[in-house]
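See below for the structure under consideration.
The values are calculated or read from the model by the stated rules, or taken from the named source; none is laboratory data. Quantities reported herein were computed from a predicted structural model and do not represent experimental measurements. Note: ideal-geometry Cβ built from the backbone for every residue, glycine included; neighbour counts use all protein chains shown.
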Amino acid sequence: EPEVTQTPSHQVTQMGQEVILRCVPISNHLYFYWYRQILGQKVEFLVSFYNNEISEKSEIFDDQFSVERPDGSNFTLKIRSTKLEDSAMYFCASSGWSGQGQETQYFGPGTRLLVL
Amino acid sequence: GNSVTQMEGPVTLSEEAFLTINCTYTATGYPSLFWYVQYPGEGLQLLLKATKADDKGSNKGFEATYRKETTSFHLEKGSVQVSDSAVYFCALSGNQGGKLIFGQGTELSVKP
């Protein structure tokens, strides 16, 4: 069964460093998302991406964040200068399109980011 | 704006007990409703969904009915197993898809 994959599974970084989180969505999907989950809190939407551009972003997704689909398979989230409060589990998700709208979102296993 | 509220956890049950996890929502229009499950150390998996009023989603013995009159989507299972121990998230999206808005999650622990 197709699945969303994410790398790395864990990343530890120093405050102020740049990190890139990588995702490979399901191959025929058109809509891509990043969410994050701070430990013990709810899953929060960060950004959605369709047709090679951001379709929606949350207040969390400020100028320190960017997303890119550099080729036909990868979808990346970059944090330019990490802060302590960026420590969280980051989930990638993707969905396809049916004749009636977007289909169910499928999630990757997540990347746990720890900023020291 | 749209929001989802779930009952507080953790919920601790004995094996074969009946489970209800309450979920209510606030939304404009006609959202789609979902339950996702997160097993320890894993990502989010879709458990079930419903896309219009009075629809019942079901999977692995779990059920939830989309109740527009009470803006609810409560998760139920008649007889839980130890393997059902996980965190359960209620979520909504627009009826054409788009971002998911999650509740705070409810941790379920099932004891043998």
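Key figures for this structure:
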read-out: Qualifying residue in the stretch A:61-79 (condition: under 22 Å from B:Leu48 (Cα atoms) and modelled with pLDDT of 95 or more); value: no
read-out: Odd one out for B:Ala53 among (1) small (Gly, Ala, Ser); (2) touching a residue at least 12 places away in the same chain (Cβ under 8 Å); (3) at positive phi; value: (3)
read-out: Scope the stretch A:43-59; condition crowded, with 17+ Cβ neighbours inside 10 Å and either among the basic types (Lys, Arg) or part of a loop (DSSP other than H, G, I, E, B) (or both); matching residues; value: A:Lys57
read-out: Those strands (runs of 3 or more DSSP E) lying entirely in the stretch B:57-112 with at least 1 residues within 11 Å of chain A (Cβ to nearest Cβ); value: B:86-94, B:97-102, B:106-111
read-out: Number of positions in the stretch A:1-53 that are in contact (Cβ under 8 Å) with a residue 12 or more places away in the chain and of a type in the set (Lys, Arg); value: 2
read-out: Residue check, B:Tyr30 surrounded by fewer than 17 Cβ atoms within 10 Å (Cβ to Cβ), within 20 Å of A:Tyr106 (Cα to Cα), of a type outside the set (Val, Ile, Thr) and within 12 Å of another protein chain (Cβ to nearest Cβ); value: no
read-out: Extreme residue, farthest from A:Leu39 (Cα to Cα), among residues of the stretch A:60-116 that are among the charged types (D, E, K, R) and within 14 Å of chain B (Cβ to nearest Cβ); value: A:Glu103
read-out: Which listed residue is under 25 Å from B:Ser32 (Cβ atoms) and surrounded by 13 or more Cβ atoms within 10 Å (Cβ to Cβ), from A:Thr111, A:Thr13, A:Thr104, A:Thr76; value: A:Thr104
read-out: Of all residues making up the stretch A:74-116, the number that are of a type outside the set (A, V, I, L, M, F, W, C), assigned to a strand (DSSP E or B) and closer than 18 Å to A:Val12 by Cβ; value: 4
read-out: Complete set of residues in the stretch B:89-112 that are within 17 Å of B:Ser14 (Cα to Cα) and surrounded by 19 or more Cβ atoms within 10 Å (Cβ to Cβ); value: B:Thr106, B:Leu108, B:Val110
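Here's the yes/no breakdown for (1) within 11 Å of chain B (Cβ to nearest Cβ); (2) at pLDDT 95 or above:
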{"residue": "A:His10", "(1), (2)": "no, yes"}
{"residue": "A:Thr13", "(1), (2)": "no, yes"}
{"residue": "A:Gln17", "(1), (2)": "no, yes"}
{"residue": "A:Asn28", "(1), (2)": "no, no"}
{"residue": "A:Tyr35", "(1), (2)": "yes, yes"}
{"residue": "A:Lys42", "(1), (2)": "yes, no"}
{"residue": "A:Ser48", "(1), (2)": "yes, yes"}
{"residue": "A:Asn51", "(1), (2)": "no, no"}
